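Everything on this sheet refers to the single structure shown next.
Taken together, the values in this text are just the output of simple stated rules run on the coordinates, not laboratory data. Please read all numbers here as calculations on a predicted model, not as lab measurements. We place every Cβ from the backbone using ideal geometry, glycine too, and count neighbours over all the protein chains shown.
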Ligand SMILES: *Cc1c(COP(=O)(O)O)cnc(C)c1O
């Protein structure tokens, strides 16, 4: 392990990723599964997690940005791959040449991708997105007949193939929310319009992780699971990861940088938001908000140190924070576990989300580039011993789809 990894590391268990993909596939047995690996696999490493997801049967990988999709291709992935967040200017041609399915929400994008396909003499794989109520990307229902007709014309010319029609939920993580039925109905309408325009998409899809877990009627041909792949529950209201048979893949841990006795009344960290109640032992954890530890969790974030849950004492700084061990002892170099799967008594990313007033997605996604990712394979499900893999091995041997 390198010097940096001695300070802190994010250990990613690829066996957990595989077992989560299998659990999600079991939730949507009649649909294909897309493992969403945007934002470097929600901070876990897109290439390594993408490969693990493929091994566990993910039919598709999905990214937000085209550059994220290109990185997967550059690492050797050859399976079905989609990316959806485009701005005028592309890069459309590279996506067409790399057989990446691109999302189109409006006529400007259809024109640009059609031109790129003509320029390189290939057929663009286009998935039309309809806004069924989320209000972000996607074509408004009023403009949908025009977009589907234009796409059909481009298809007839051979420039594009409409491979998918899709949309995205706003409140799938709130079971029973009235918008869910409204969006489902709007999606059904949009599918009818696309069909009437002569389109025959291979995949129709609407479900993110919460809908994959709780709304079978929304699975259609494909489900797009992101956070569940990494073993984190989309929301506490829905349940914990354990409730869904998901296992958190990332463990964030550090080595204590200092342990010392201090007298009572000693201020701790910037602003003296914490003062020692009596003589005590302070331990210094060398991770801070530059590493993605949310400053909002100052005074509330949980950490396992010397066998017990502790709470961050005082403010989280850029590079470090302090915990008060009270009468317990520890030594510099001892481990501090911020979060992990929870089965060694450590907190989870969901616990940090609660402490910081955010969601588990943000906790793992923001872990900074200063924290090395170390890949292990715990062999969940086959009883194999934990084996550490070499870091920096980014070869992606490719999909099977
Ligand atoms: C991020 C994203 C997903 C995955 O959402 P999860 O809640 O993480 O499963 C699916 N579809 C789109 C369009 C996304 O942007």
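Remarks
- Ranked from largest, the principal axis spans of the Cα set of the range 261-392 equal 52, 29, 25 Å.
- Label-to-label distance, residue 122 versus residue 134, with points set 7 angstrom from Cα along the beta-carbon direction: 2.6 nm.
- Crossing angle, helix 144-156 versus the chain [Cα axis fit, 0-90 degrees, rounded to tens]: 70 degrees
- Whether the range 14-229 is rounded, prolate or oblate, judged on the alpha carbon gyration tensor where a/c under 1.5 counts as rounded: oblate
- With the cut-off at under 20 Å, measuring from each backbone N in the range 280-314 to a point 7 Å along the Cα-to-Cβ line of residue 369 picks out 287-294.
- Model label sites at residue 99 and residue 6, defined 7 Å from Cα along the beta-carbon direction, differ in position by 4.6 nm.
- In terms of overall dimensions, the C-alpha atoms belonging to the chain reach 79, 44, 41 Å along their principal axes, ordered largest to smallest.
- The stretch between residue 362 and residue 74, if pulled fully straight at 0.36 nm per residue, gains 101.0 nm over its current Cα-Cα span.
- On the beta carbon distance between residue 170 and residue 108, with R0 = 22 Å, the FRET formula returns roughly 0.35.
- Between residue 156 and residue 177, the modelled label-to-label distance comes to 4.0 nm, taking each label 7 Å out from Cα in the direction of the beta carbon.
- P(r) tail, the range 173-303: Cα-Cα pairs separated by more than 20 Å, 65% of all pairs.
- Inter-part distance where the range 1-60 and the range 148-218 are each reduced to a Cα centre, Å: 25 Å
- The residue 85 and residue 261 beta-carbon pair, evaluated with R₀ = 51 Å, returns a calculated FRET efficiency of approximately 0.45.
- Tilt relative to the chain, helix 14-27 - C-alpha long axis, 0 to 90 degrees, to 10: 50 degrees
- Extension gain for residue 237 to residue 308 (0.36 nm times residue separation, less C-alpha to C-alpha distance): 22.9 nm.
- Fewest-first sequence of 232, 100, 316 by Cβ atoms within 10 Å of each Cβ: 100, 316, 232
- The slack in the chain from residue 22 to residue 202, taken as 0.36 nm per residue of separation less the alpha-carbon distance, amounts to 62.5 nm.
- Sites residue 270 and residue 55 - FRET efficiency at Förster radius 45 Å, r taken between beta-carbons, to 0.05: 0.50
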